[in-house]
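Reviewing the structure listed below.
The values are calculated or read from the model by the stated rules, or taken from the named source; none is laboratory data. Owing to the predicted nature of the structure, the values given are computational and were not obtained by experimental measurement. Cβ sites come from the backbone with ideal geometry, for glycine too, and all protein chains shown count toward neighbours. SASA here: full protein model, heavy atoms, side chains in, ligands and nucleic acids out. Shrake-Rupley method; radii C 1.70, N 1.55, O 1.52, S 1.80 Å.
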Amino acid sequence: MKKFFATVGTLCVAVCLAVSAFAAEYGEPNITTQTTMKELRENPSIKGSGFYTYCNEWIEGDTSYDDTPISGYVSYAAAEDAAEGMNLVIENYNKGVQITWQVYTQEQIAETPALGMVQLFYYPAEGSGGRYAIVLPGNGSTITSEMEEGGSAASQLHAMGYTVFVLRYRSFLDATDNAPLDDIGRAVQFITQNAERFGVQAEGYAITAFSSGGQLAGLFCNEEIGWGRYSVPKPGALLMAYPVINFNEVKLLYHVLMDPGECGWRFYCSSVADVVTDDYPPVYFWYGKNDIILPLMDLRKQGPAFEKALQAHGVPYLMQVYKNAGHSIGTGRGTDAEGWLTEAAAFWEEQVG
């Protein structure tokens, strides 16, 4: 009997040690809207996954937001889904899934270090062989939206059964020489080449884009300057929230900051409304009447101009204009736009059959 209890005791100690070792290497998926950014970043699985969480800081590693909860770091309307997006990262990482994928080769990164920031964050579907969505978050100078818009959208799309990739692309001073378009093109090439590994169909994918990411996605959906130029399949649908269609007054500023002295075409010079063609992918998009960002660039040249272009070229589309849905709200919980991504996904499915 003594031998039996000694054996049981040994097993208990072994189990406790194993649990302790697991806790040291892996984090728990217990992220909530009240989790602070320091707590999130110190979660072993978030750290190990490589998911980019310094979305509001000027410099990675800045501690200014350490005590800020997720609900204060991202929009209140995206906080719940953003937290769930982080829990998904943890769960997948703990299963052995590689979350972060470099889009460019190590040789390319060594030659141009800025290429190292171009990453895909992978949210695999439960099954395989289905369609995927690539999410293009918005950005404003050094502020990007991998958590607020990327993570929140990934959470909802994953719940609908899709594989999702959130793209971190070059922005602000690194966006010179049409770099963001090249990043999107290379990302779709990478997914297409590795479709079997990721368990997705290469055809019929959706681009889900927010704010300034919408302008990039809109250009990419033009065959000549977008998907055709990069020799990748045409998007099955373009799904956009409060998209910037035309940078309008800020074009000159962008040129001075990003491409001083250059005379060639740059992505921020074009209105998406001007690149719509008869074979443009089907489009779902929305914006809110109380959006305070789009009017700064002349609201008439944003959604309304885009709708006219889609109508003129006979492109299938669905547009929603909400009374209460501001800018940078991601999935939009608690606003008139709540549920928009479900409606957008249904539109996507209807278009690709």
In square nanometres and to one decimal, what's the mean projected area of the convex hull around the Cα atoms of the stretch 211-297?
6.2 nm²
Toward the positive end of the charge dipole of the chain, about the Cα centre and with charges on Cβ (Lys, Arg +1; Asp, Glu -1), which of GLY303, PHE285, LEU219 goes farthest?
PHE285
Points 7 angstrom from Cα along the Cβ direction at THR142 and ASN324: gap in nanometres?
3.6 nm
Mean residue ellipticity at 222 nm from the helices of the chain, using -39,500 (n - 2.57) per DSSP H segment of n ≥ 4 over the full residue count, to the nearest 500 deg cm²/dmol?
-10500 deg cm²/dmol
Give, in nm to one decimal, the length gained when the segment between TYR76 and GLU126 is fully stretched (0.36 nm per residue of separation minus the Cα-Cα distance).
15.2 nm
Relative to the compact-globule estimate 2.2 N^0.38 Å (N residues), the Cα gyration radius of the chain stands at a ratio of 1.05
Using only the alpha carbons of the stretch 67-116, what is the convex hull's orientation-averaged projected area in square nanometres?
5.3 nm²
Work out, step by step, the length gained on full extension between ARG197 and ARG300: first 0.36 nm times the residue separation, then minus their alpha carbon distance; give nm to one decimal.
32.7 nm
Provide the packing ranking of 151-157, 59-65, i.e. peptides ordered by the mean count of other C-beta atoms within 10 Å per residue, highest first.
151-157, 59-65
For the chain, size of Cβ-based charge dipole, Lys and Arg +1, Asp and Glu -1, in debye
560 debye
Can you classify the stretch 125-181 as rounded, prolate or oblate using the Cα gyration tensor, where a ≥ b ≥ c are the square roots of its eigenvalues, rounded means a/c under 1.5, and otherwise it's prolate if a/b beats b/c and oblate if not?
oblate
Using a Förster radius of 30 Å, what is the FRET efficiency between GLN98 and GLU249 based on their Cβ-Cβ separation? Nearest 0.05, please.
0.10
Measuring with a 1.4 Å probe in the full set of protein chains, what accessible area per residue, in whole Å², belongs to the stretch 21-66?
55 Å²
Compute the accessible area per residue over the stretch 107-256, keeping the other protein chains in place, probe 1.4 Å, unit Å².
32 Å²
Quick one: if you stick a label point 7 Å off each Cα along the C-beta vector at HIS313 and SER64, how many nm between them?
3.9 nm
If I compute solvent accessible area with a 1.4 Å probe over the protein chains, what percent of it on the chain is carbon and sulfur?
54 percent
Any chance you could count the Lys pairs in the chain whose alpha carbons are under 26 Å apart, treating pairs 8 or more apart or on different chains as valid?
13
Mind ordering 233-243, 128-138 by average Cβ neighbours within 10 Å, highest first?
233-243, 128-138
Calculate log10 I(q)/I(0) of the stretch 97-194 for q = 0.17 Å⁻¹, where I(q) comes from the Debye formula with a single equal point scatterer on each Cα and nothing for solvent.
-0.75
Need one number: the % of Cα-Cα pairs in the stretch 220-350 sitting beyond the 27 Å mark.
23 percent
So what's the angle, to the nearest 10 degrees on a 0 to 90 scale, between helix 340-352 and the longest Cα principal axis of the chain?
70 degrees
Alpha-carbon centroids, the stretch 33-54 and the stretch 203-278: separation in whole Å:
31 Å
Have a look at the DSSP beta bridges in the chain and tell me what percent are antiparallel, nearest 5.
30 percent
